[in-house]
Amino acid sequence: MKYTVRKFDAVIVGAGGAGLRAAIQLSEAGLKTAVISKVFPTRSHTVAAQGGVAASLGNSEEDHWHWHMYDTIKGSDWLGDQDAIEFMCRKANEVVVELEHYGMPFDRTDAGKIYQRPFGGHMSNFGEKPVRRSCAAADRTGHAMLHAMYQRNVKANTQFFVEWQALDLVRDAEGEVLGVTAMDMETGEIVVFHAKATIFATGGAGRIFYSSTNAFINTGDGLGMAARAGIPLEDLEFWQFHPTGVAGAGVLITEGVRGEGGILRNSQGERFMERYAPNAKDLASRDVVSRAMTTEINEGRGCGPHKDFVLLDITHLPPETIMKRLPGIHEIALQFAGVDALKEPIPVVPTAHYQMGGIPTNYHGQVVAPQGSSQNVAVPGFYAAGECACASVHGANRLGTNSLLDLLVFGKSAGESAVDQLKKSPKAHKELHQESIDKTLARLDRLDGQKDGASVHETRLTLQRTMQNHCGVFRFADKLKEGVQKILDVQKDVQRTEIKDKSKVFNTARIEALELDNLIEVAVATMISAEARKESRGAHVRDDAPDTPANPNGRDDKNWLKHTLWFKEGNRLDYKSVKLTPLTVESIALKTRAY
Amino acid sequence: MTTRNIQFKIYRYDPDKDAKPYMQDISVDIDATDRKLLDVMVKLKAKDDSIAFRRSCREGVCGSDALNINGKNGLACLTAIDSLPIDKPIVLRPLPGLPVIRDLIVDMTQFFKQYHSIKPYLINNDPPPERERLQSPEDREELNGLYECILCACCSTSCPSFWWNPDKFVGPAGLLAAYRFIADTRDQATSERLDDLDDPYRLFRCHTIMNCVDVCPKGLNPTKAIGKIKDMMVKRAI
């Protein structure tokens, strides 16, 4: 199989929020940068974010980054790294104001400032009462943000390679990353993007679950590529189930609905969140709300003929508020639930939504891995930001609106780190590593030559059902154990997938098979990491780690206050410590989580 | 679960093997969970993996899966399967007027070239302030119905003027974006933007046929935006 080599200073893989934010940094610094994306940039999944981006601007009431930091650490169930969290919360105002300067059409307060709404888990004065911290453009914040950042890149003349599928990292024997191999989907041509700095901004892998709010493209390509190149994946047992996916369709309904006053009700019409979170109620953290909903359904208080969903009610809100602040939700409810949300409640269920774990990085956006006795040694030439990365600011559970903040702050910081590196690095590119390119070509040859193989569609379905049934909102020791065996069986099928379509031109069957190669890495990492973590924390709650006086909420800080690292080779697990020391302020001390 | 069989006629063309395009007859069994056309197309692809189409978010916000459905442009993910007559096959074709790369996938280069030509970014040469630029809620309201565009190209590829002059006429999507920046109180380039569009082709090929309004899956109104640009030109001429 033939390939060509093209040289760039930097290559960014992914053109969603994090990739576009990093690209602004590199393009405006005048560096020769290639941005590779498997979809046109504005089709990336950041576009589907709805409710807002967190920043303690204090436009409607008093707020402070330190309160935001506290909420984020509490939300993470103390698994988040406090240095990275302080960095993110302090940077929030700066990156949100930048977006406004790029032209983002935020909603406005009467004073003309950026409009802010309350959101789950965001409180004032260290957990006292909900605060307006989510900066929003109606319920289309992600769309407005992604378009504004694409537009800024048009202005900066960023060079995009649109509809190119990245295949693998090129990493040499010393562990240095030298770029990526990628396929032009339109022609099937293979190109090695030879670069001195490589930034991954490839998004999450929400499609490992059968029912997901995520787009078809969210297949964890960056995680698959990193895992195959020997880089560990961090904390993948932690997956967020968003409380409000449309029942049956999975489409997201923003938490902003509850921020604007929406209420969850069970079959008896009861506002059940009052029992689970007496203070924050419907605005408790997402893991707490999703578990409460699942408990209501499991105990027979679900709605509908099969009692398998609960209701999100906004019928008490003024129609003007709904049409002004939540127009997209009104549209989604009509389209995907067949209800007019002005008059009827929306049927919702917890739905897989966000990957808290990912490629381990520090708060500079540098990818880090253990080396000898050091836990966090930077991988030369390699950066990651956004959902594919684990900084770790979300720990065991992410707060709503912190994902858009994460991709802005760490997209920018990865971009800045790459610019710094490029200023110092020698003019010439390091020699390419043939062995790692050959491995990729062999993988493509295997797929094209496979006969009597497994169907991509069926294998992916089995993968998704296995994850859904064995690794969901509530986890069970025996189901996890069984799940590990099942997902390893699926892995065998993934290694022998067959496509009937052999065309070179826009072969989407081939792309789906290659995406499945990435999905399986994330699925295996998730199941194995989840089976091994014998405690309940954040979004990971298991039956054999119940709430006890010794371990409130089932959390076991003595044995499990540590990050998981999964290595593809031999499915090996390792652990590293949580950074409990922030940059300038005192550590937020461990506490039992209650809302 | 009750299933029913749905018939399709799908435009097929793979330049790697087909001398010319043809219509493929294919059918698939669907059940109650297959609510949208895109759900059914995913089933079709499981049956014949060579059918090529774009798709991503499946909720009408990414703009990937625009195609021509029974003669009208729309998004597969927002088209209820029950809204299509089933007494005859559902006919799926690529968006009209753009070169076909393969099957239902068109080459959108020309469409994006026109979008880029209107300088789709905020132009404000004042040094950026410490905090956000202020904008009243009323001024912000002016952007509603403009900024929500998802660049799916349903509008431009249903516009006869765009079919005729895709290289010279900006088209409804590009003009909607142009007005989005003209209408933004933070933008300082209104007069340059109007100069750029004051051209017999770039703006004035719009003959208010209004196909764009008819097909927009987001309910936007490019014709109205174009009318406002024309009004501004008239006003500044007097």
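Structure summary
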| read-out | value |
| --- | --- |
| Looking only at region A:1-55, and only at residues there that are part of a strand (DSSP E or B) and within 14 Å of chain B (Cβ to nearest Cβ), the one that is nearest to A:Phe161 (Cα to Cα) | A:Ser37 |
| Pairs where the first residue, in region A:85-112, is more than 8 Å from chain B (Cβ to nearest Cβ) and open to solvent by less than 10 Å² (accessible area, probe 1.4 Å) and the second is part of a helix (DSSP H, G or I) and among the small types (Gly, Ala, Ser), C-beta under 7 Å, 6+ apart | A:Leu99/A:Ala148; A:Met104/A:Ala144; A:Met104/A:Ala148 |
| Where a residue in region A:286-297 is in contact (Cβ under 8 Å) with a residue 40 or more places away in the chain and its partner, wherever it lies, is outside any helix (DSSP H, G or I) and of a type in the set (S, T, N, Q), with Cβ under 6 Å and at least six apart | A:Arg286/A:Gln240; A:Asp287/A:Asn397 |
| Members of region B:183-203 that are assigned to a helix (DSSP H, G or I) and either surrounded by 19 or more Cβ atoms within 10 Å (Cβ to Cβ) or not hydroxyl-bearing (Ser, Thr, Tyr) (or both) | B:Glu192, B:Arg193, B:Leu194, B:Asp195, B:Asp196, B:Leu197 |
| Residue identified as among the small types (Gly, Ala, Ser), surrounded by fewer than 21 Cβ atoms within 10 Å (Cβ to Cβ), under 23 Å from the mean Cα position of the chain (by Cα) and away from every other protein chain (no Cβ under 14 Å) among A:Ala205, A:Ala229 | A:Ala229 |
| Hey, A:His394 in contact with a helix residue (DSSP H, G or I) (Cβ under 7 Å, 6 or more places away or on another chain), part of a loop (DSSP other than H, G, I, E, B) and open to solvent by 40 Å² or more (accessible area, probe 1.4 Å) or not | no |
| Region A:347-385 - residue that is over 21 Å from A:Val251 (Cα atoms) and outside any strand (DSSP E or B) and, of those, nearest to the chain's Cα centre (by Cα) | A:Gly357 |
| Test: B:Pro166 is more than 14 Å from chain A (Cβ to nearest Cβ), part of a loop (DSSP other than H, G, I, E, B), touching a residue at least 60 places away in the same chain (Cβ under 8 Å) and touching a helix residue (DSSP H, G or I) at 6+ places or on another chain (Cβ under 6 Å) | yes |
| Pairs, first more than 18 Å from A:Asp221 (Cβ to Cβ) in region A:26-48, second open to solvent by 10 Å² or more (accessible area, probe 1.4 Å) and in a loop (DSSP other than H, G, I, E, B), C-beta under 7 Å, six or more apart | A:Ser27/A:Ala156; A:Ser27/A:Asn157; A:Ser27/A:Thr158; A:Glu28/A:Ala156; A:Thr33/A:Thr158 |
| Output for region B:128-144, where each listed residue is under 29 Å from the mean Cα position of the chain (by Cα) and more than 7 Å from every other protein chain (Cβ to nearest Cβ) | B:Glu138, B:Asp139, B:Glu141, B:Glu142, B:Asn144 |
| Lone qualifier among B:Leu75, B:Leu44 - being at pLDDT 95 or above, over 19 Å from B:Tyr13 (Cβ atoms) and open to solvent by less than 10 Å² (accessible area, probe 1.4 Å) | B:Leu75 |
| Selection within region B:89-135 - basic (Lys, Arg) and either open to solvent by 60 Å² or more (accessible area, probe 1.4 Å) or over 20 Å from B:Asp49 (Cα atoms) (or both) | B:Arg93, B:Lys113, B:Lys119, B:Arg131, B:Arg133 |
| Criterion: part of a loop (DSSP other than H, G, I, E, B) and out of contact with any strand residue (DSSP E or B) (no Cβ under 7 Å at 6 or more places or on another chain) - qualifying residue of A:Arg301, A:Arg291, A:Arg271 | A:Arg301 |
| Cβ-Cβ under 6 Å pairs, at least 6 apart or on other chains, region B:25-41 side open to solvent by 30 Å² or more (accessible area, probe 1.4 Å) and at pLDDT below 95, far side part of a loop (DSSP other than H, G, I, E, B) and not β-branched (Val, Ile, Thr) | B:Asp31/B:Met1 |
| Residue within region A:247-266 that is touching a Lys or Arg at 6+ places or on another chain (Cβ under 9 Å), surrounded by 24 or more Cβ atoms within 10 Å (Cβ to Cβ) and among the small types (Gly, Ala, Ser) present | yes |
| Test: residue in region A:317-326 that is under 27 Å from A:Trp239 (Cα atoms) and within 14 Å of another protein chain (Cβ to nearest Cβ) | yes |
| Any pair with Cβ under 8 angstrom, 6 or more apart, that starts in region B:67-78 at a residue that is of a type in the set (Gly, Ala, Ser) and ends at one that is assigned to a helix (DSSP H, G or I) | B:Gly74/B:Val215; B:Ala76/B:Leu37; B:Ala76/B:Leu38; B:Ala76/B:Met41 |
| Selection count, region A:12-35, where residues are surrounded by fewer than 24 Cβ atoms within 10 Å (Cβ to Cβ) and not polar (S, T, N, Q) | 6 |
| Unmet requirement for A:Ser211, which otherwise passes all of (1) within 13 Å of chain B (Cβ to nearest Cβ); (2) touching a Lys or Arg at 6+ places or on another chain (Cβ under 9 Å); (3) surrounded by fewer than 24 Cβ atoms within 10 Å (Cβ to Cβ) | (2) |
| Residue in region A:116-129 that is out of contact with any Gly (no Cβ under 6 Å at 6 or more places or on another chain), buried (at least 21 other Cβ atoms within 10 Å of the Cβ) and within 14 Å of chain B (Cβ to nearest Cβ) present | yes |
| Those strands (runs of 3 or more DSSP E) lying entirely in region B:26-127 with at least 2 residues within 10 Å of chain A (Cβ to nearest Cβ) | B:100-102 |
| Residue within region A:422-437 that is open to solvent by 40 Å² or more (accessible area, probe 1.4 Å), under 30 Å from A:Arg496 (Cα atoms) and assigned to a helix (DSSP H, G or I) present | yes |
| Any chance B:Arg186 is within 14 Å of chain A (Cβ to nearest Cβ), of a type in the set (Lys, Arg) and in contact (Cβ under 8 Å) with a residue 60 or more places away in the chain | yes |
| Test result for B:Arg180, outside any loop (DSSP other than H, G, I, E, B) and in contact with a strand residue (DSSP E or B) (Cβ under 8 Å, 6 or more places away or on another chain) | no |
| Count - residues of region A:535-584 that are among the basic types (Lys, Arg), in contact (Cβ under 8 Å) with a residue 40 or more places away in the chain and closer than 19 Å to A:Gln240 by Cα | 3 |
| Region B:145-157, residues that are at the interface with chain A (Cβ under 8 Å from one of its Cβ atoms) and more than 13 Å from the chain's Cα centre (by Cα) | B:Tyr147 |
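The rows are residues; the columns are (1) at pLDDT 95 or above; (2) polar (S, T, N, Q); (3) under 18 Å from A:Gly179 (Cβ atoms).
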{"residue": "A:Thr361", "(1), (2), (3)": "yes, yes, no"}
{"residue": "A:Ala369", "(1), (2), (3)": "yes, no, no"}
{"residue": "A:Gly372", "(1), (2), (3)": "no, no, no"}
{"residue": "A:Ala378", "(1), (2), (3)": "yes, no, yes"}
{"residue": "A:Cys388", "(1), (2), (3)": "yes, no, yes"}
{"residue": "A:Arg398", "(1), (2), (3)": "yes, no, no"}
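The values are calculated or read from the model by the stated rules, or taken from the named source; none is laboratory data. Computed from a predicted structure; not experimentally measured. Cβ sites come from the backbone with ideal geometry, for glycine too, and all protein chains shown count toward neighbours. What goes into the accessible areas is simple: the full protein's heavy atoms, side chains included, and nothing from ligands, DNA or RNA. Shrake-Rupley method; radii C 1.70, N 1.55, O 1.52, S 1.80 Å.
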